[in-house]
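See structure below.
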Amino acid sequence: MNSETVMSMTYQALKIALSMAGPLLLVALAVGLFISIFQAATQINEMTLSFIPKILGVGAVLVLLGPWLITTMVDYMQSLLRQIPSLVS
């Protein structure tokens, strides 16, 4: 296994990780921003107010994107397992 192979595998793993985490992080960011604007407009300074909507938003995205996330991870793992024989020799 040479450095080019390692870098290719690392790039692919990071790309998969970002594509899987991206939607969850974007929903948490959007919900947090919306709650922050709401708190600023109403002058409610409760620090724990944003946790429940973020949890519900991320949970909803997990339910909606769950099959895609699992399929993506399974496909990636299968491709890694298929590459083992070529990496050993």
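The values are calculated or read from the model by the stated rules, or taken from the named source; none is laboratory data. Note that the structure is a prediction, hence the values are computed from the model and not measured. Cβ sites come from the backbone with ideal geometry, for glycine too, and all protein chains shown count toward neighbours.
Restricting Ile44, Ile37, Ile16 to residues that are surrounded by 11 or more Cβ atoms within 10 Å (Cβ to Cβ) and of a type in the set (A, V, I, L, M) narrows the list to Ile16. In the set (1) over 30 Å from Met1 (Cβ atoms); (2) surrounded by 12 or more Cβ atoms within 10 Å (Cβ to Cβ); (3) modelled with pLDDT of 90 or more, Thr72 fails one condition alone, (1).
One residue stands out among those in segment 78-89 that are surrounded by 11 or more Cβ atoms within 10 Å (Cβ to Cβ) and of a type in the set (A, V, I, L, M, F, W, C): the one that is nearest to Gly22 (Cα to Cα), which is Leu80.
Across segment 30-57, the number of residues qualifying as among the charged types (D, E, K, R) and on the phi > 0 side of the Ramachandran plot comes to 0. A search for C-beta distances below 9 Å between a residue of segment 24-43 that is of a type in the set (D, E, K, R) and any residue that is part of a helix (DSSP H, G or I), counting only pairs 6+ apart in sequence or on different chains, returns nothing.
Please tell me if Thr5 is hydroxyl-bearing (Ser, Thr, Tyr), in contact (Cβ under 8 Å) with a residue 24 or more places away in the chain, over 22 Å from Val61 (Cβ atoms) and surrounded by 10 or more Cβ atoms within 10 Å (Cβ to Cβ). Answer is yes for this residue.
Only a single item in (1) of a type outside the set (Val, Ile, Thr); (2) touching a helix residue (DSSP H, G or I) at 6+ places or on another chain (Cβ under 9 Å); (3) on the phi > 0 side of the Ramachandran plot is not met by Ala60, and it is number (3). Can we say Ile55 is surrounded by 10 or more Cβ atoms within 10 Å (Cβ to Cβ), in a loop (DSSP other than H, G, I, E, B), free of Cβ contacts under 8 Å to residues at least 24 places away in the same chain and not charged (D, E, K, R)? Criteria not met by Ile55.
Here's the yes/no breakdown for (1) outside any helix (DSSP H, G or I); (2) farther than 27 Å from Val88 by Cα; (3) at pLDDT 95 or above:
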position: Thr5; (1), (2), (3): no, no, no
position: Ser8; (1), (2), (3): no, no, no
position: Gly22; (1), (2), (3): no, yes, yes
position: Val27; (1), (2), (3): no, yes, yes
position: Gly32; (1), (2), (3): no, yes, no
position: Phe38; (1), (2), (3): no, yes, no
position: Ala41; (1), (2), (3): no, yes, no
position: Ala60; (1), (2), (3): no, yes, yes
position: Trp68; (1), (2), (3): no, yes, yes
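When you scan segment 75-85, do you find a residue that is touching a Ser or Thr at 6+ places or on another chain (Cβ under 8 Å) and hydrophobic (A, V, I, L, M, F, W, C), even just one? Within segment 75-85 (the criterion being touching a Ser or Thr at 6+ places or on another chain (Cβ under 8 Å) and hydrophobic (A, V, I, L, M, F, W, C)), the answer is no, since none of the residues qualifies.
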